[in-house]
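For reference, the structure is listed below as structure tokens.
All of the numbers you see were taken from the coordinates with simple rules; none came from a lab. Here the structure is a predicted model, which is why all the values come from computation and not from measurement. So basically every Cβ, Gly included, is an ideal-geometry build from the backbone, and we count neighbours across all protein chains shown.
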């Protein structure tokens, strides 16, 4: 090999190395993995010898799935204080005179806009008041990869799938199918996959047997069961929350889900028929489970995306969630749409709704 050939070969290797360095990192590279966070902690075990994940848990937090622009994954205390101070729940709690409903005030004036605090009294919400703590770190987002903490861009096929969802085809006021699943009390999605956190009821019950993992969300009491050691179903049935199977990887329970119902795809997690969600449950302390997830669907996303979320032990019980399916609100929404049609009011809907 001549000197010039060696130089060209070295340059080529340098380019390859740089490209590999930019490739998607593994679970351990994106953020400290469960083993590193748990350290020497030994979890309590069930009668059948596996780590005990059972009990009631909460993921209530100021931290959300995607990262606010300009923040790193791991926050300083000052950054966390600012993020917590900007949370609506904390702002409203700081001024209880403006936050709580006055029982002597009477009914609101007809046609008068609601106050800026919105239509939920703060006493009835529980989104979380502090940022998520994982292994002593203050986290700004649950997404750990991509590095910007944002859900990756959709592929062309992903955009087509999203545009074809019934919620986006009309004005939003033409028929019940254009309204959200949660509004229709069919499905909330807090229990995943992957888990999310919302305005209230960010609580879960986990029951574990040798053959199954059951996760019940307090929000609309959605229940998901993962078959431990089982195989994915062979038919074309696509249930709510998908078809979940699980296996143990040391002291971590790994849950793999596919076959998610197409109507569920309107939320933040859009999946094709070949997409897969992988979740990892690791007990890292007496008071916390580290919940990790990966969304892998090259049909829909331009990159895989991953995250970590703490599930914190709760001593509270889970309460019934009485969703009012088919109540007067839905009828009035559709009646309002027909009124707008009658007077020729302009609609903004479908792909223009900013969803």
Which order do peptides 197-207, 237-247, 335-345, 134-144 fall in by mean Cβ count within 10 Å, highest first?
134-144, 197-207, 237-247, 335-345
Compare the peptides 145-158, 37-50, 65-78, 217-230 by average per-residue count of other Cβ atoms within 10 angstrom and give them in order, highest first.
217-230, 145-158, 65-78, 37-50
Extension gain from residue 137 to residue 164, taking 0.36 nm per residue of separation minus the Cα-Cα distance:
5.7 nm
Quick check: Cα centre of region 35-69 to Cα centre of region 238-296, how many Å?
15 Å
